[in-house]
Each structure stands twice: as structure tokens, then as C-alpha cells.
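Before any comments, here is the structure.
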Amino acid sequence: MLVPYDLAGKAVSDAPPAPLFPAAPVLIGSEIYRHSIYGRSHPLSIPRVSSTVDLITALGWLNPQQYITSPLATPDELARFHCPEYIDAIMAAEQDGEVAPAVREKFNIGRNGNPVFPEIFRRPATSAGGSILAAKMLAESAGGTIHSPAGGTHHGRRDQASGFCYFNDPVLAILTLLDHGVAPVVYVDLDAHHGDGVEAAFHDFDDVLTISVHEDGRWPGSGLFGDRAGGNARNLPVPREFNDCELDYIVHNALVPLVQTRQPAALVLQTGVDALNDDPQSKLGLSNRAIWRAVRTLMPLAPRRLVVGGGGYNPWAVARAWAGIWGVLNNFDPGVAHDGEAMTTPLPAAAEDVLRALQWNHSRGRNPPEHWFKYLADSPHLGPIRDPVKAVVEDVLR
Ligand SMILES: [Zn+2]
């Protein structure tokens, strides 16, 4: 099998190959994310989508014609997956600003990291609306790439909130693709947490394969070694301090062959960036370069490509990683500036200003290191490919 990285631990080239994409990619965002927070002490009390779009703009990487403001998903659209009673409960929670104990219990809102906050309906309905719109646009075309960093709420259940996720936008996007006759669909999830909500939704769908790479033993505790989830899911639980070379190994030896086997009409890629070394919510150790390489490698495997976000709880790491993904999709090398200058020289002043304006109410945010402001790319986090990583790859291909 082709192993196009250096086992001795040398970084593979970050330089962009020939252009991958025939048409210009589309970026979906919304101003709702700029001021909406889940609550002051919640991990999602930080800006993520607004800072990403601001950084992309400051880098000169966004032609305004490529940008679409996300519509709000309607209750009918949400009901393609979610239980109407649950949708009504979320709408009522936004109206009332609180939920009764029975509602809290039944729908898991107002507890377990799923707070009642002022935009509890509009914000997740906007993320869902973006992913549904993206799926419709992709279905109506022969191919293309859409990036919706607000999407990726992969834990949401049909009738319950879970893991900061109220509506499950990847599920709604995949259902929209299927409803338009786009099949098969492959879903690849790079978030540090198992994509349990998406896996569960498509357990019995032969047209959908879900693949998740996540930290072994971390919440929600599913997606275990050897778990094929009924044959339509593949799970790759990886050990702590998971490094760039190990992600490269998994991408080339497991993800690429698994995706190729299905010859998908569409690929949905969840790029939660909580597996980054700088993220506080996992013990994984990736640099953003490894995630960018994964995106670059996976994109050509399907004609229609939806790239959504997901986790990511360090505001500087999230904005830099997701801006870099947009760079990859547009064939900019995120390791270099738009004018071709190496990012070993600092970011343009306007981009640095975006990063310097961010704040983080976390111990790691008190004295942020200078490279969080000055460079887009992290230093590579190289390392050996350990036995547990080789074992999950062998297992998943069996
Ligand atoms: Zn996560």
C-alpha cells in the first residue's frame, strides 16, 4: 500500500499540488455566531465562526461572491430528522428563557453542557440551515466544495441534545443529499470525540458509511476498537498524544481506501479541531498542518464535498485551523501567505489584529504564546507511529 509520508518522522511536503477544484468553493457563515455564547463558563463561550471568517478576510482569501449567509432551517426541515416535540421544546426554551424540569429531563436541555441560552433555537437552526442549503446546492450540481465551519454538531440526537449539540446538521445534510438521489455518501469525522449521533442516525442505511477517528476512552465512550456499528460505520479510536505522522498514516492507510471502496457521490467531512495539541478538551496532539493535509488528501475522493466544523475550544487554534482549511479548499497553501511569502514570516498585520482581539476565559488564555497571533501554521508535531494506531488501521480494514 502506498505510504506517502516519511516513517522516519520527516514532515511530508505542505506545498500545494496542482489545483484540485474546478469551481470556486463556497463559504457559509452567519453573523449570529459573533455575539452568541452558551454562557460565560461554557467551553463554547468563545468566538469561532466569526473569527474564522474575519481571519480569512484579513488574509485576502475571500472573494465576496464566494460567501453565503446561512439561512435558518425551518421546523419542517429540522423534522426530516428531529422529533417535532423536541423542536417545539427548543423553540419554547428560546421564547421563555428557561425549561421546566420535565422538559430538561426528557430532552436533555438546560443540563449536561446543553444550556438554555438566548439563541438556543436560532443558533443551531442556522448551523442546520447552512448544512441543508449546502447539501441542496451540491445535489443540484455535478460537483463542488462547500465549507460551513458552523456545522459539525455530530452528537445531536433525534429527540435529545447531547454534547453541546441541539440539532444534528451533518445528519440533516446527508438526508438532504439522499432525498435528492445523491448516493452513496461517506461521512468522515476527525473530531476528538466519536461522531456518535451521525453513526446512530445511519446505522441501518446501506447508502451511508460513517467513519470516525477519535480519542480512545473520551466522552461519549462509544466508537470502540472493533466496533463496526452494524457494518455501516468504521471507528478508529486513537491514543493520547496522537501525532501528525499517525494521522497521516490513518488517512493514507485507512481513510483513503475506505472512502475509495464506496466511490461516494458526496463526501461530508467533519473537521472538529479539538484534536489539536493546543485544544483543552482532548489529550490528542495534532498540529493544524496534519488536519490540513488530511483535508487536502480526502477532498479529491468525491465530486461533491461538504466540509463542516465541529469541536474546537481554543479560540486562536480554531480560527487559525479553520481559516487554513478554507485556504486548502481554495488551493492557497495555508503555510504561506496569499502573496506566496512563507509563514515563517509573520501574518499580515490585519490578520494578526484579528487574532490579537480574541480573548479566552481559560487558564491557557492568560498568557497566549506569540505564535498564536503571528503565524497561521503550527509547528509540526511529529512522532513515531505507535502500535495501537497500527492496530486500529488493521482492524478497520478487516
Ligand atoms: Zn469534539
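Conditions tested, residue by residue: (1) within 16 Å of the ligand (Cβ to nearest atom); (2) aliphatic (A, V, I, L, M); (3) touching a helix residue (DSSP H, G or I) at 6+ places or on another chain (Cβ under 8 Å); (4) modelled with pLDDT under 95.
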| residue | (1), (2), (3), (4) |
| --- | --- |
| 250 | no, yes, yes, no |
| 257 | no, no, yes, no |
| 266 | no, yes, yes, no |
| 270 | yes, no, yes, no |
| 280 | yes, no, yes, no |
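Is it fair to say residue 306 is out of contact with any Phe, Trp or Tyr (no Cβ under 9 Å at 6 or more places or on another chain) and away from the ligand (no atom under 16 Å from the Cβ)?
Numbers: out of contact with any Phe, Trp or Tyr (no Cβ under 9 Å at 6 or more places or on another chain): yes; away from the ligand (no atom under 16 Å from the Cβ): yes.
When the stated conditions are applied, residue 306 passes them.
Looking at 69, 145, 74, can you tell me which residue is touching a Pro at 6+ places or on another chain (Cβ under 6 Å) and of a type in the set (Val, Ile, Thr)? Walk me through how you get there before you give the answer.
On the way: 69 fails: touching a Pro at 6+ places or on another chain (Cβ under 6 Å); 74 fails: touching a Pro at 6+ places or on another chain (Cβ under 6 Å).
Result of the check over 69, 145, 74: 145.
What are the residue pairs meeting all of these: first residue in region 21-49, first residue farther than 24 Å from residue 297 by Cα, second residue among the acidic types (Asp, Glu) and buried (at least 16 other Cβ atoms within 10 Å of the Cβ), Cβ atoms under 6 Å, and 6 or more apart or on different chains?
36/119
Among the candidates 204, 216, single out the residue that is within 16 Å of the ligand (Cβ to nearest atom) and among the charged types (D, E, K, R).
Working: 204 fails: within 16 Å of the ligand (Cβ to nearest atom).
Only one candidate qualifies: 216.
Within region 69-88, is even one residue of a type outside the set (S, T, N, Q), exposed (fewer than 14 other Cβ atoms within 10 Å of the Cβ) and touching a residue at least 60 places away in the same chain (Cβ under 8 Å)?
The answer is yes, given that some residue of region 69-88 is of a type outside the set (S, T, N, Q), exposed (fewer than 14 other Cβ atoms within 10 Å of the Cβ) and touching a residue at least 60 places away in the same chain (Cβ under 8 Å).
For the structure I just gave you, tell me whether residue 162 is at pLDDT 95 or above, under 21 Å from residue 298 (Cα atoms) and not acidic (Asp, Glu).
Working: at pLDDT 95 or above: yes; under 21 Å from residue 298 (Cα atoms): no; not acidic (Asp, Glu): yes.
Taking the combined requirement at face value, the residue does not satisfy it.
Inside region 189-284, counting only strands (runs of 3 or more DSSP E) that do not spill past its ends, which hold 2 or more residues that are free of Cβ contacts under 8 Å to residues at least 12 places away in the same chain and buried (at least 17 other Cβ atoms within 10 Å of the Cβ)? Steps first, please.
Numbers: elements: 208-215, 233-238, 266-270.
Passing ranges: none, list empty.
I'd like to know if region 115-128 contains one or more residues that are in contact (Cβ under 8 Å) with a residue 12 or more places away in the chain, within 21 Å of residue 266 (Cβ to Cβ) and of a type in the set (S, T, N, Q). Even if it seems obvious, please write down each step before you answer.
Filtering region 115-128 down to residues in contact (Cβ under 8 Å) with a residue 12 or more places away in the chain leaves 115-128.
Narrowing further to those that are within 21 Å of residue 266 (Cβ to Cβ): 127-128.
When the remaining residues are screened for being of a type in the set (S, T, N, Q), the result is 127.
Yes: one or more hits.
Restricting attention to region 364-378, report how many residues are small (Gly, Ala, Ser) and either exposed (fewer than 15 other Cβ atoms within 10 Å of the Cβ) or within 17 Å of residue 287 (Cβ to Cβ) (or both).
The first filter runs over region 364-378 and keeps only residues small (Gly, Ala, Ser), leaving 365, 377.
Now narrow it down to the ones that are either exposed (fewer than 15 other Cβ atoms within 10 Å of the Cβ) or within 17 Å of residue 287 (Cβ to Cβ) (or both): 377.
Going through region 364-378 one residue at a time, the tally reaches 1.
Do we have residue 290 as assigned to a helix (DSSP H, G or I) and within 15 Å of the ligand (Cβ to nearest atom) here? Let's see the steps before the verdict.
Values: assigned to a helix (DSSP H, G or I): yes; within 15 Å of the ligand (Cβ to nearest atom): no.
So residue 290 fails the test.
From 22, 43, which residue is out of contact with any Pro (no Cβ under 6 Å at 6 or more places or on another chain) and modelled with pLDDT of 90 or more?
Values: 22 fails: modelled with pLDDT of 90 or more.
Of the residues listed, the single one that is out of contact with any Pro (no Cβ under 6 Å at 6 or more places or on another chain) and modelled with pLDDT of 90 or more is 43.
In region 137-170, how many residues are outside any strand (DSSP E or B) and within 16 Å of the ligand (Cβ to nearest atom)?
Residues of region 137-170 outside any strand (DSSP E or B): 137-143, 149-161, 163-164, 166-170.
Imposing the further condition that a residue be within 16 Å of the ligand (Cβ to nearest atom) reduces the set to 149-157, 161, 163-164, 166, 168-170.
Number of matching residues: 16.
Looking at region 165-188, which of its residues are crowded, with 23+ Cβ neighbours inside 10 Å and of a type in the set (A, V, I, L, M, F, W, C)?
165, 167, 171, 172, 173, 174, 177, 185, 186, 188, listed by residue number.
The values are calculated or read from the model by the stated rules, or taken from the named source; none is laboratory data. Model, not experiment: these values are computed from the prediction. Note that we place each Cβ from the backbone using ideal geometry, even for glycine, and neighbour counts take in every protein chain shown.
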